[in-house]
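Here's the structure we're looking at; comments come further down.
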Amino acid sequence: MKADTQRERAERFWSWFLTKAGNAVTHGRVDFRVLNEVVDRLQRVHPHLVCEFGAGSDCPAELVISADGIRANFPAVRALVDAAPEIPGWKVVAFRQPRDIVGPVSLGGIAVRPDDVWFSFTAEREVVQLRMYFRGYRETRINEYAGLTFLLLDAALGEYTVATRIGRLEWAALPPDPEVRGLLPYCRLRGLMADVHQLRPQSGDA
């Protein structure tokens, strides 16, 4: 039996989604039973794609198709989004977009607020190397802090920019005088990356 092409799998996914779109989000609330179905169907198109639902009172519902930060799977995201039909009341988006963080971000029992996080950088062409400084950082929990970093970077910059413009990452404890050390607060990261060609390297080393 001939295997389905990616295009055929994409067309089958969107045909199915059209039958579910009207029930997926109502009054700004996501039906997680439908979301679980979407995830299952999405992984029939490509096993490493994920998705998110969004909704607002003054905007269409959103379906965000994501490669979960894995650059090798970006073409699959683009192909699926490009194949999307017009879906009444919906906007289909490629990759997680920048968003503002309200409150702390938690992972593995560690919670950090945006003002607990500072950074320093060096830049070479369009790639930026970052050192992230966390208040209360413990090296024994580096995996959790790495995960928190990607959540924070995705929120500030969006999935595509993080995967294509961020290079080496390092972590350290936030010193008591970050401004004196030349560090920058997390809230400056989005504006800084907006015009990376004009960045001037700063060490910020403690």
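If you scan the range 64-100, which residues turn out to be among the aromatic types (Phe, Trp, Tyr) and touching a helix residue (DSSP H, G or I) at 6+ places or on another chain (Cβ under 6 Å)?
Correct list: TRP90, PHE95.
Do any residues in the range 72-95 that are within 19 Å of GLU52 (Cβ to Cβ) and of a type in the set (Val, Ile, Thr) have Cβ atoms under 7 Å from those of residues that are open to solvent by 50 Å² or more (accessible area, probe 1.4 Å) and not in a helix (DSSP H, G or I), where the two are at least six apart or on different chains, and which pairs are they?
Listed by first residue and then by second, the contacts come to VAL93/GLU62.
Residue under question is VAL112, and the condition is that it be in contact (Cβ under 8 Å) with a residue 60 or more places away in the chain, of a type outside the set (S, T, N, Q) and touching a Gly at 6+ places or on another chain (Cβ under 9 Å); does it hold?
Answer is no for this residue.
Show the residue pairs meeting these rules: Cβ distance below 8 Å; 6+ apart or different chains; first residue within the range 41-70 and part of a loop (DSSP other than H, G, I, E, B); second residue at pLDDT below 90.
These pairs meet every condition: HIS46/GLN6; SER57/GLY28.
Is at least one residue of the range 36-57 more than 25 Å from ARG165 (Cβ to Cβ), of a type in the set (Lys, Arg) and at pLDDT 90 or above?
yes
Looking only at the range 99-135, which residues are of a type in the set (D, E, K, R), part of a strand (DSSP E or B) and open to solvent by less than 70 Å² (accessible area, probe 1.4 Å)?
The one that is of a type in the set (D, E, K, R), part of a strand (DSSP E or B) and open to solvent by less than 70 Å² (accessible area, probe 1.4 Å): ARG131.
Here is a check on your reading of the model: is ALA10 surrounded by 17 or more Cβ atoms within 10 Å (Cβ to Cβ) and either part of a strand (DSSP E or B) or among the polar types (S, T, N, Q) (or both)?
In short, no.
Looking at (1) open to solvent by less than 40 Å² (accessible area, probe 1.4 Å); (2) of a type in the set (Gly, Ala, Ser); (3) farther than 27 Å from ALA10 by Cβ, which is the one condition that is false for ALA76?
Of everything listed in (1) open to solvent by less than 40 Å² (accessible area, probe 1.4 Å); (2) of a type in the set (Gly, Ala, Ser); (3) farther than 27 Å from ALA10 by Cβ, ALA76 misses just condition (3).
Could you tell me whether the range 21-29 includes any residue that is outside any helix (DSSP H, G or I), modelled with pLDDT of 90 or more and surrounded by 12 or more Cβ atoms within 10 Å (Cβ to Cβ)?
So far as the range 21-29 goes, no, none of its residues is outside any helix (DSSP H, G or I), modelled with pLDDT of 90 or more and surrounded by 12 or more Cβ atoms within 10 Å (Cβ to Cβ).
Which ranges mark the helices (runs of 4 or more DSSP H) fully within the range 136-195 that have 1 or more residues being out of contact with any helix residue (DSSP H, G or I) (no Cβ under 8 Å at 6 or more places or on another chain), touching a residue at least 40 places away in the same chain (Cβ under 8 Å) and under 21 Å from ILE110 (Cα atoms)?
142-157
Which of the following residues is more than 17 Å from the chain's Cα centre (by Cα) and closer than 23 Å to GLY69 by Cα: LEU184, LEU192?
It is LEU192.
What are the residues in the range 168-204 that are surrounded by fewer than 16 Cβ atoms within 10 Å (Cβ to Cβ), of a type in the set (Gly, Ala, Ser) and modelled with pLDDT of 95 or more, if any?
ALA173, GLY182
The values are calculated or read from the model by the stated rules, or taken from the named source; none is laboratory data. Not measured: the values here are computed from a predicted model. In this analysis, Cβ positions are derived from the backbone assuming ideal geometry, glycine residues included, and neighbour counts consider all displayed protein chains. Surface areas here come from the heavy atoms of the whole protein model, side chains and all, with no ligands, DNA or RNA. Shrake-Rupley method; radii C 1.70, N 1.55, O 1.52, S 1.80 Å.
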